[in-house]
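Colleague: This structure is in structure tokens; I'll ask about it shortly.
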Amino acid sequence: MDTNIAKLKRAIAREIEDDLPQLQELSLKIHDNPELGLHEFKACEWLTEYLASRNFVIEREICEMPTAFRATYGRGKPCIGLLAEYDALPGVGHACGHNLICTIAIGAAMAAKAAVDRLGGSVVVIGTPAEENYGGKIVMARKGAFSDLDAAILVHPGSADTAVEPAIACQQMNIEFFGKAAHASANPASGINALDAMLLSFNNINALRQQIQSTARIHGIITDGGQAANIIPEHSAGEFYVRAADEAYLDELLQKVLNCFIGASLATGTRLEYKPDVLRYAGLNANMILAQLYVNNMKIIGRDVKFLESMVPLHAGSTDMGNVSQVTAAIHPLLAVAPKGISLHTAEFAAAAASEKGMKGLSDAAKAVAMTVADLLSDAETMQKVRAEFEQGKLQEKK
Ligand SMILES: [Zn+2]
Ligand SMILES: [Zn+2]
């Protein structure tokens, strides 16, 4: 490695070490104050406060979202985006560890200032609200929030260190059935049972499930199943997620699932209402060159990161980072902060996100991300390769 870049990376690591007490304190404060998506006012305030105090230029409420922000240091290209999530989950708080995601991003950005000062270009933190319940980045991507980025990086906590982790496409379906109320004992024949339509839908979907690709998922809940046991339910409602490894199969599957609801509606004489949800989580198109840089930098710190667990998304979730990866070169590595077998979205994982291992992960990932920014700013050829891989991927998708 070039001695200058090696020196710069050592300086970056020292910057993170120096700021670590503040970063950890902020991460724990956000963990202690979990806020649901689109209501992350405290986290947004604390993160922008930190960045403003380190001379970043802050733009608030971008994309007409009150808890979205953009913080810029430097100017011009290359422009590297470090994406922050800071929303929590109902009931279990920071059980997805987003308190770590956002502090990794701001810590890395702060340390990457040294690279910007020496090499030019810019580093931008983009605060992206509501990953869990809304898909903030889907809206932000549509509004062009990531269009000027040459690369985007977000490190997500997990139970393994992996640079490339598949995430699959996902679309929500909100379903309602309308029937007719009647006394369930005195006059059931005059009723039309909307709950039965919902139950039949579940049975239809369960029958469909055997014939779907092994990487696809269909799961749902009933959000309205009637008012009282002695009234034939006149209304039922449910929320379903349909997921698939690629968008074409997702479209096919959505139609099949819709047929399950249509069949149930015919069988029961209810009226089906389905408004196609406009937000769709795209699959993640990870940039392999960017991922390799991250792995190399983690190695410098002394952390062994597996490049790839498997390209077959057998245990994949979905993330709105997928939509970012459709508009710029992106990676979404997983960072081990919990023991193997501990699942995201559980109380155990929430504890891990505030643990010593979590805090060590914050320090390591912030260093590796800032060093990756230094690689991209210092080496035009590598930056060009990252872009070429992204453009190539877009071309292949069009074919
Ligand atoms: Zn989550
Ligand atoms: Zn998450």
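Colleague: Each residue of region 323-329 in order: what ³J(HN,Hα) in whole Hz does its phi give by Karplus 6.51 cos²θ - 1.76 cosθ + 1.60, θ = phi - 60°, with x for Gly and Pro?
Modeller: After applying 6.51 cos²θ - 1.76 cosθ + 1.60, I find 5, 5, 5, 8, 10, 7, 5 Hz.
Colleague: Further, regarding this structure: What aspartates and glutamates does Lys9 reach when the alpha-carbon gap must be under 12 Å and sequence neighbours fewer than 8 apart in one chain are set aside?
Modeller: Reachable aspartates and glutamates: Asp375.
Colleague: Using the Karplus equation 6.51 cos²θ - 1.76 cosθ + 1.60 (θ = phi - 60°), what ³J(HN,Hα) coupling, rounded to whole Hz, does each residue of region 6-15 give in order, writing x for Gly and Pro?
Modeller: Each residue's phi maps through the Karplus curve to give 4, 5, 4, 5, 5, 5, 4, 4, 5, 4 Hz.
Colleague: What relative contact order, as a whole-number percentage, does region 125-199 give when Cα pairs under 8 Å and 6 or more residues apart are counted?
Modeller: Relative CO of region 125-199 lands at 15 percent.
Colleague: Return the Cα extents of the chain along principal axes one, two and three, sorted largest first, each rounded to a whole Å.
Modeller: 85, 47, 39
Colleague: Apply the Karplus curve 6.51 cos²θ - 1.76 cosθ + 1.60, θ = phi - 60°, to the phi angles in region 374-385 and return the couplings in whole Hz, x for Gly and Pro.
Modeller: Listing the rounded values in order: 4, 4, 5, 6, 8, 10, 4, 5, 5, 4, 4, 5 Hz.
Colleague: Probe radius 1.4 Å, ligands and nucleic acids ignored: give me the carbon and sulfur share of the accessible area of the chain as a rounded percent.
Modeller: Taking all protein chains in place, the chain shows 53 percent carbon and sulfur surface.
Colleague: Full extension from Ala229 to Asp379: what is 0.36 nm times the residue separation minus their Cα-Cα distance, to one decimal in nm?
Modeller: That works out to 47.1 nm of additional length.
Colleague: What whole-number value in Å² describes the accessible area per residue of region 212-258 for a 1.4 Å probe?
Modeller: Ligands and nucleic acids excluded, the result is 49 Å² per residue.
Colleague: Do any of Lys113/Lys137; Lys42/Lys113; Lys29/Lys357; Lys42/Lys275 go past 23 Å between their Cα atoms, and which?
Modeller: With Cα atoms farther than 23 Å apart: Lys113/Lys137; Lys42/Lys113; Lys42/Lys275.
Colleague: Using only alpha carbon pairs under 8 Å that are at least six residues apart, calculate the relative contact order of the chain and give it in whole percent.
Modeller: 23 percent
Colleague: If you don't mind, another one. Calculate I(q)/I(0) for region 1-77 by the Debye formula, one identical point scatterer on each C-alpha and no solvent, and give its log10 at q = 0.28 Å⁻¹ to two decimals.
Modeller: Relative scattering, expressed as log10 I(q)/I(0), comes to -1.25.
Colleague: Here's another thing I want to ask about it. With r as the distance between the Cβ atoms of Glu273 and Lys299 and R0 = 41 Å, compute the FRET efficiency 1/(1 + (r/R0)^6) and round to 0.05.
Modeller: Step by step, r from the Cβ atoms, then E = 0.15.
Colleague: Mind checking the per residue accessible area of region 23-62 for me, 1.4 Å probe, whole number of Å²?
Modeller: Computed with neighbouring chains in place, this is 54 Å² per residue.
Colleague: When N is the residue count of region 162-224, what does its C-alpha Rg come to as a fraction of 2.2 N^0.38 Å?
Modeller: 1.66
Colleague: Label points 7 Å out from Cα along the Cβ direction at Leu199 and Arg14: separation in nm?
Modeller: 7.1 nm
The values are calculated or read from the model by the stated rules, or taken from the named source; none is laboratory data. Nothing here was measured: the structure is a model prediction, and the numbers come from that model. Quick reminder, even Gly has a Cβ in these numbers, built from the backbone with ideal geometry, and neighbours come from all protein chains shown. To get the accessible areas, we keep the full protein, side chains included, count just its heavy atoms, and leave off ligands, DNA and RNA. Shrake-Rupley method; radii C 1.70, N 1.55, O 1.52, S 1.80 Å.
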